Amino acid sequence: MDASLFAQVNTTISVRETHMLTEEQLNQMLYAKDDEAVALLLQATNYSLDNEELRDPNLIEKVLVKHLAREYTFAFQNSPLTEVVQIFSLKYTYHNLKVLLKERASQGDLSHLLLPIGRYPLDILKHLVTTLSAEYCPDFMQEEVASTWAEYMDYQDVRVLDTGMDLAYFKHLKHLSEEINDATLNAFIDLSIDFYNVITVKRALTQGKPRSFMRQLLSENARMESREYLKLFESQELLAWFNQIYPNSFDLSTKPYEEALNDVSISALSLEYLADLLKYQLLEKGRFEIEGPLPLARYLWGKEMEVKNLRLILTGRSNDLNPDLLKERMRPVYGQ
């Protein structure tokens, strides 16, 4: 990959990142006395919501998604390698494929659940689901959608559509990894898949599901075989696994989780936080790089975390949740 190809988009990012929300701004919103104060704080940001809108979680979500859609449009238009952008936007593509498959299965209208983000426009995804042909998408996407639909037709169980698209998403990520061939971004993808498998096993164990059920849900594109992820919990080797993928014993940010990792009592929610933390730290290593794909990747992941934090704060406030509890669940802030 020619790193100099990203010079123009990285220059633009250096300007756009000055408008990212700071930790101070997020804390001010978190502990603001009322909605009027939050609305006033938001006026100085890219997220404009008035007092009335702040009481409606659906309107909050529309504003957040609209902002993310603009950011991804900018990224796709300016990145010399769209595969870098797809690492972060691909989850929306497969979310939309799930929705469209369920819409076909139910013969209902689920268009309100579609998100305007991704490499492939919604009409192309709808064509893929309707015709099961790959005129405008890669062949492997067509194969995954067609096989998932065929399995649904055999079992008539809508959960097949969720599982099929989840696993197809990770296969697609591995395709991107091979095309990009960047050590940091490849590690980012590996972390995503590894944590998905671990979190999936944790949730299944909490629900008392059998091993056969778990194996069906696990991605085969991870760094270990499926049975190894089951053994992490059975043999209490979760901390050893964590130390292997994150050999940074000097970083204190993960220390509070190590006891729960050691006795495998850690919750799925905490595992999700750890996944975001590690991926943030991985991209932060390239914070001072001015060439190549990392500034763009770091910016897009920063936007994802920014929206996640803002969603947590604003919807949490609308539901009168304790701000201290919300703060504990906040993700790392860009540039902190």
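Under 17 Å of direct C-alpha separation, and excluding same-chain neighbours fewer than eight residues apart, K231 reaches these lysines: K202, K209.
Backbone geometry of the range 13-25 corresponds, through the Karplus equation with coefficients 6.51, -1.76 and 1.60 at θ = phi - 60°, to 3J(HN,Hα) couplings of 4, 4, 7, 5, 5, 5, 9, 5, 5, 8, 4, 5, 4 Hz, x marking Gly and Pro.
Length gained on full extension, S318 to K66: 88.7 nm, using 0.36 nm per residue less the C-alpha separation. In this calculation the C-beta distance from Q207 to L252 is compared with R0 = 51 Å, giving a FRET efficiency of 0.95.
Would you please classify the overall shape of the range 76-227 from the alpha carbon gyration tensor, given that a ≥ b ≥ c denote the square roots of the eigenvalues, rounded means a/c under 1.5, and beyond that prolate means a/b larger than b/c while oblate covers the rest? Because a/c hits 1.5 or more and a/b fails to exceed b/c, the range 76-227 counts as oblate. As a fraction of the 1.4 Å probe accessible area of the range 1-52, surface on carbon and sulfur atoms comes out at 49 percent.
Here the accessible area of the range 209-336 is 49 percent carbon and sulfur, with a 1.4 angstrom probe and all protein chains present.
Solvent exposure of the range 200-334, expressed per residue, is 51 Å² of accessible area, with all protein chains present and a 1.4 angstrom probe.
Before I look further, what does the range 48-91 give for accessible area per residue, probe 1.4 Å, in whole square angstrom? The answer is 46 Å² per residue.
Summing +1 for each Lys or Arg and -1 for each Asp or Glu among the other residues whose beta-carbon sits under 15 angstrom from that of A39 gives -4. In this structure E237 has an accessible area near 80 Å², from a 1.4 Å probe over the protein heavy atoms. Here the simple spin-label model places points 7 Å from the Cα toward Cβ, and for A183 and R104 these points are separated by 4.2 nm. Remark: accessible surface ordering of K231, K126, K66 (largest first) is K66, K126, K231, probe radius 1.4 Å.
The length gained by stretching the chain between E17 and L5 to full extension, at 0.36 nm per residue less their Cα-Cα distance, is 2.4 nm. Pairs of Lys residues in the range 1-129, spaced 8 or more positions apart or belonging to different chains, with C-alpha separations under 18 angstrom: 6 in total.
Approximating the spin labels as points 7 Å out from Cα along Cα→Cβ, the N58-to-Q156 distance works out to 3.2 nm.
Convert each backbone phi in the range 264-276 into a coupling constant with the Karplus relation 6.51 cos²θ - 1.76 cosθ + 1.60 (shift: θ = phi - 60°), then list the ³J(HN,Hα) values in order as whole Hz, x for Gly and Pro. Per-residue couplings from phi come out as 6, 8, 4, 7, 4, 4, 5, 5, 4, 5, 4, 4, 5 Hz. In order along the range 54-61, the phi-based Karplus estimate (6.51 cos²θ - 1.76 cosθ + 1.60, θ = phi - 60°) of 3J(HN,Hα) comes to 5, 9, 10, x, 5, 5, 4, 5 Hz; Gly and Pro are listed as x.
The values are calculated or read from the model by the stated rules, or taken from the named source; none is laboratory data. Being a predicted model, the structure only gives us computed values, none of them experimental. Glycine also receives a Cβ, built like all others from the backbone with ideal geometry; neighbour counts cover every protein chain displayed. Remember, those area values only see protein heavy atoms, side chains included, never the ligands or the DNA or RNA. Shrake-Rupley method; radii C 1.70, N 1.55, O 1.52, S 1.80 Å.
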